[in-house]
Amino acid sequence: MSSPPSHPSLVPSHAIAGIICREITKDYGTGDSKVRALRGVNLEISPGELTLLVGPSGCGKTTLISIFAGTLDVTSGEISVLGVDLKELSKYEKAIFRAKHVGFVFQQFNLLPSLTAAENVAVPLIINGFPRGNAMAKVAEVMHAVGLQDKLQSLPAQLSGGQQQRVAIARALIHQPSLLVCDEPTSSIDAKTGQTIMELIKQIAVRPDRVAVIVTHDPRVLEFGDRIVTLEDGRVAQDKHVRNPENTKVA
Amino acid sequence: MTWIAIKMLIGDRSKYFAIIFGVTFACFLITEQSAIFCGIMLRTTSVIRDTHGVDIWAMNSGVRYADDLKAISDNDVFRVRSVPGVAWAVNLYRGQGQAQLGNGKYQGVILMGVDDSTLAGCPTQMILGKLGDLQMPDAIIVDEAGFHQMWPREPLRVGKVIEMNDRRAVIVGIFRSAQTFMTMPMVYTRFSQATLFVPQYRRMMSFVLAKCRSNVSAEEVARRIESQTELKALTKDGFITMTMMYYLQHTGIPINFGTTVILAFLVGCAIAGQTFYLFTVENLKQFGTLKAMGVTDRRIVAMILIQALVVGGIGYGLGVGTASIFGIVAQARMELLAFYLPWQVVLISGICVLFISLISSLLSIKRVLVLEPATVFQGGA
């Protein structure tokens with residue numbers, strides 16, 4: 001990918017670091033209405049493995065993934081993503097960080113309905129300052145990778161749920177981000193399609209130089225994870241390493 | 001991001017057209033009402049503008065506008081002629097007459113009496129007849145609109161006879177002139193004739209029209225006339241300004257039209273603003289997604305402003321275009337309609353539409369800026 005003509009990288013160039021959390025807490029509200037969503041999370045996630053965040057509703061997994069993505073600030077603790085201390089970044093710098101280094105896959109796909117599939121996929125490149133023509137030229141390759149080379153000009157409304165999620169995956173990967181965050185990527189599609197989507201993510205999204213984190217409550221997804229982090233009541237209850245079981249920890 | 005903003009805007013067809021309709025409606029009303037206001041203002045001075053070849057109007061010092069008729073002495077024309085810098089000066093009568101038509105009906109007319117020998121101050125655009133025919137006994141000329149007012153649906157022709165003050169008057173010519181504020185037929189005749197067409201008073205002269213020598217400015221000569229006579233003397237432009245200012249300050253015209261323009265502005269803001277805000281609220285998920293993906297607040301603001309300016313620009317074009325077509329069509333069908341669309345009105349409408357667009361976008365910008373990008377997770381926003 002040629003260099004986008006915009007902002008300088010916020011990530012140190014020497015290595016692709018992972019995610020490091022130290023005693024992070026997150027409170028919502030103030031006073032009597034204060035709710036503590038995270039209660040001292042300690043976690044290290046390395047590139048090259050597919051990490052699943054699981055747990056019951058309200059356990060804090062969405063809050064945690066939002067913090068990883070730089071869309072939410074921690075209340076206390078230390079958070080380093082790709083070697084960047086997110087607490088040190090301004091709002092503007094966080095936006096630039098997300099634009100350059102984070103790929104998003106949302107539960108509801110969140111495609112722009114008035115843009116074609118190809119235009120939706122090109123959006124991250126446009127955000128990073130690529131001219132529209134150059135951005136569109138790169139789209140075909142990624143759409144081919146997700147098996148939608150014949151749907152370039154389709155509007156989201158003309159695509160099935162599974163196809164829309166594939167477009168979303170293509171959009172998340174086109175700018176080759178170092179961090180991929182997926183929020184319940186299979187919950188809005190049927191089981192069979194969900195299986196296909198997870199295979200696709202496993203196949204094309206997980207790379208040695210990328211940190212990939214998926215939030216899910218779908219038990220059928222668990223088989224795809226290299227590591228399964230279970231959250232309960234705002235804490236890490238279990239950290240299971242599927243590939244290296246000796247590293248598994250239970251709180 | 002510009003094309004993304006525009007595609008987002010056009011993608012929601014119903015709101016897109018609703019916003020454009022709101023801006024178009026407001027722009028049409030603002031332009032049309034302002035143009036009619038300008039047309040009316042212009043008519044208040046049509047008699048001054050239609051009197052060609054005259055540099056200075058000298059009048060009774062109590063005159064406040066063109067239709068404010070206060071007679072001056074017949075000798076004043078000689079006093080003006082004696083002022084250094086005046087090339088020539090002639091008398092002018094202006095008043096209201098009562099014309100009895102052939103069918104027995106009466107019609108009020110504006111009667112103008114010009115200098116008997118030179119006919120200076122007469123209109124120049126003759127449609128039928130010759131100006132020189134005014135020298136004939138009982139001769140008058142009338143304006144085209146006035147002829148149709150007196151004899152609707154009849155073709156223009158000379159030779160028609162009317163009576164004014166029990167005196168016979170023969171139409172020897174028809175001229176074209178700007179509509180007057182009073183919308184009564186304009187009748188020109190010789191000064192001596194005019195004084196017979198109305199009841200006699202001791203003083204009959206309304207104005208002295210003067211031409212300056214080429215080596216001295218009209219302003220300077222006007223000052224000299226004022227200092228050497230007891231008359232008020234104004235250049236043509238000065239008289240036009242004074243007349244317009246009188247109508248602006250002492251009549252309800254500006255307030256009435258201004259109210260409509262302000263209402264149009266507010267209605268435009270309300271319709272466009274509300275629809276644009278709803279459009280933004282319904283697209284919050286899209287804006288939230290873009291924010292999560294790294295679009296900065298500055299670019300989000302730019303996108304919303306582009307959307308507002310696009311609908312504003314289209315609405316402006318349609319509004320001014322519709323108002324122009326309305327003016328052309330309506331004037332062709334209704335001669336009495338005052339419609340004058342100078343570039344200043346087009347500019348003011350543009351500024352109003354710009355404000356409507358900006359005000360519409362302000363609420364939307366605020367709503368999007370406070371949106372936390374994290375809300376897009378799990379179907380938020």
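The values are calculated or read from the model by the stated rules, or taken from the named source; none is laboratory data. Keep in mind that this is a model prediction, so the values were computed, not measured. Here Cβ is always computed from backbone atoms with ideal geometry, including for glycine, and neighbour counts include all displayed protein chains.
For the range A:22-49, taking the residues that are hydrophobic (A, V, I, L, M, F, W, C) and either farther than 14 Å from A:Leu231 by Cα or at pLDDT below 85 (or both), the one that is surrounded by the most Cβ atoms within 10 Å (Cβ to Cβ) is identified as A:Ile45. Note on the range A:135-251: enclosed strands (runs of 3 or more DSSP E) holding 1 or more residues that are at pLDDT below 85 are A:235-241. Is there a residue in the range A:145-168 that is within 11 Å of chain B (Cβ to nearest Cβ), in contact with a Gly (Cβ under 6 Å, 6 or more places away or on another chain) and closer than 26 Å to A:Asp73 by Cβ? Among the residues of the range A:145-168, not one is within 11 Å of chain B (Cβ to nearest Cβ), in contact with a Gly (Cβ under 6 Å, 6 or more places away or on another chain) and closer than 26 Å to A:Asp73 by Cβ, which makes the answer no.
Within the range B:323-374, the set of residues being within 14 Å of chain A (Cβ to nearest Cβ) and either acidic (Asp, Glu) or in contact with a helix residue (DSSP H, G or I) (Cβ under 6 Å, 6 or more places away or on another chain) (or both) comprises B:Val368, B:Leu369, B:Leu371, B:Glu372, B:Pro373, B:Ala374.
For B:Ala302, the conditions (1) free of Cβ contacts under 8 Å to residues at least 24 places away in the same chain; (2) within 14 Å of chain A (Cβ to nearest Cβ); (3) not β-branched (Val, Ile, Thr) all hold with the exception of (1).
Apart from one condition, A:Leu112 fits all of (1) within 14 Å of chain B (Cβ to nearest Cβ); (2) touching a residue at least 12 places away in the same chain (Cβ under 8 Å); (3) outside any loop (DSSP other than H, G, I, E, B); the exception is (3).
Taking into account only those residues within the range B:68-114 that are charged (D, E, K, R) and touching a helix residue (DSSP H, G or I) at 6+ places or on another chain (Cβ under 8 Å), which is farthest from B:Met184 (Cα to Cα)? Outline the logic, then answer.
As a first pass, look at the range B:68-114 and keep what is charged (D, E, K, R): B:68, B:70, B:74, B:76, B:79, B:81, B:94, B:105.
Among the residues that remain, those that are also touching a helix residue (DSSP H, G or I) at 6+ places or on another chain (Cβ under 8 Å) are: B:68, B:79, B:94.
Working: B:Asp68: 16, B:Arg79: 33, B:Arg94: 13 Å.
For the range B:68-114, the residue satisfying everything is B:Arg79.
Within the set A:Leu86, A:Leu82, A:Leu72, the sole residue that is under 19 Å from A:Leu173 (Cβ atoms) and either modelled with pLDDT of 90 or more or in contact with a strand residue (DSSP E or B) (Cβ under 8 Å, 6 or more places away or on another chain) (or both) turns out to be A:Leu82. In this structure, is A:Ala170 out of contact with any strand residue (DSSP E or B) (no Cβ under 8 Å at 6 or more places or on another chain), within 24 Å of A:Ala17 (Cα to Cα) and buried (at least 17 other Cβ atoms within 10 Å of the Cβ)? The answer is yes for A:Ala170. Within the range B:134-180, the residues that satisfy the criterion of being under 25 Å from the mean Cα position of the chain (by Cα) and among the small types (Gly, Ala, Ser) are B:Ala145, B:Gly146, B:Ser177, B:Ala178.
Selection within the range B:106-138: residues that are within 24 Å of B:Val208 (Cβ to Cβ) and acidic (Asp, Glu). The member of this set that is surrounded by the most Cβ atoms within 10 Å (Cβ to Cβ) is B:Asp115. Taken together, the residues in the range B:1-38 that are over 30 Å from A:Asn134 (Cα atoms) and in contact (Cβ under 8 Å) with a residue 60 or more places away in the chain amount to 22. Among the residues of the range A:63-93, those that are part of a helix (DSSP H, G or I) and buried (at least 21 other Cβ atoms within 10 Å of the Cβ) comprise A:Thr63, A:Leu64, A:Ile65, A:Ser66, A:Ile67, A:Phe68, A:Ala69, A:Leu86.
Being within 28 Å of the chain's Cα centre (by Cα), of a type in the set (D, E, K, R), surrounded by 13 or more Cβ atoms within 10 Å (Cβ to Cβ) and closer than 20 Å to B:Thr118 by Cα, is that true of even one residue in the range B:187-201? No, because not a single residue in the range B:187-201 is within 28 Å of the chain's Cα centre (by Cα), of a type in the set (D, E, K, R), surrounded by 13 or more Cβ atoms within 10 Å (Cβ to Cβ) and closer than 20 Å to B:Thr118 by Cα. Considering only residues of the range B:315-337 that are crowded, with 18+ Cβ neighbours inside 10 Å and among the aliphatic types (A, V, I, L, M), which is nearest to B:Met150 (Cα to Cα)? Top of the filtered list is B:Ala323.
Which residues, counting only those in the range B:278-298, are in a helix (DSSP H, G or I) and either within 7 Å of chain A (Cβ to nearest Cβ) or surrounded by fewer than 19 Cβ atoms within 10 Å (Cβ to Cβ) (or both)?
Residues of the range B:278-298 in a helix (DSSP H, G or I): B:278-282, B:284-292, B:297-298.
B:Leu278, B:Val281, B:Glu282, B:Leu284, B:Lys285, B:Gln286, B:Thr289, B:Ala292, B:Asp297, B:Arg298, listed by residue number.
For the range B:338-357, a residue qualifies if it is surrounded by 15 or more Cβ atoms within 10 Å (Cβ to Cβ) and not aromatic (Phe, Trp, Tyr), and the qualifying residues are B:Ala338, B:Leu341, B:Val345, B:Val346, B:Ile348, B:Ser349, B:Gly350, B:Cys352, B:Val353, B:Leu354, B:Ile356, B:Ser357. Against the definition (closer than 17 Å to B:Ile10 by Cα, touching a residue at least 24 places away in the same chain (Cβ under 8 Å) and part of a helix (DSSP H, G or I)), how does B:Ala323 come out, yes or no? No, not satisfied.
Taking the conditions exactly as written (surrounded by fewer than 19 Cβ atoms within 10 Å (Cβ to Cβ), out of contact with any Cys (no Cβ under 8 Å at 6 or more places or on another chain) and of a type in the set (Ser, Thr, Tyr)), does B:Ser73 satisfy them or not? Considered against the rule, which asks whether it is surrounded by fewer than 19 Cβ atoms within 10 Å (Cβ to Cβ), out of contact with any Cys (no Cβ under 8 Å at 6 or more places or on another chain) and of a type in the set (Ser, Thr, Tyr), B:Ser73 comes out as yes.
If B:Ala178 passes every condition in (1) touching a strand residue (DSSP E or B) at 6+ places or on another chain (Cβ under 8 Å); (2) surrounded by 13 or more Cβ atoms within 10 Å (Cβ to Cβ); (3) not in a strand (DSSP E or B) but one, which one does it miss? All conditions pass for B:Ala178, except number (1).
The test for being touching a residue at least 12 places away in the same chain (Cβ under 8 Å), within 17 Å of the chain's Cα centre (by Cα) and at positive phi does not hold for B:Thr243.
Here are B:Met1, B:Met41, B:Met59: which of them is of a type in the set (A, V, I, L, M) and within 14 Å of chain A (Cβ to nearest Cβ)?
Result of the check over B:Met1, B:Met41, B:Met59: B:Met1.
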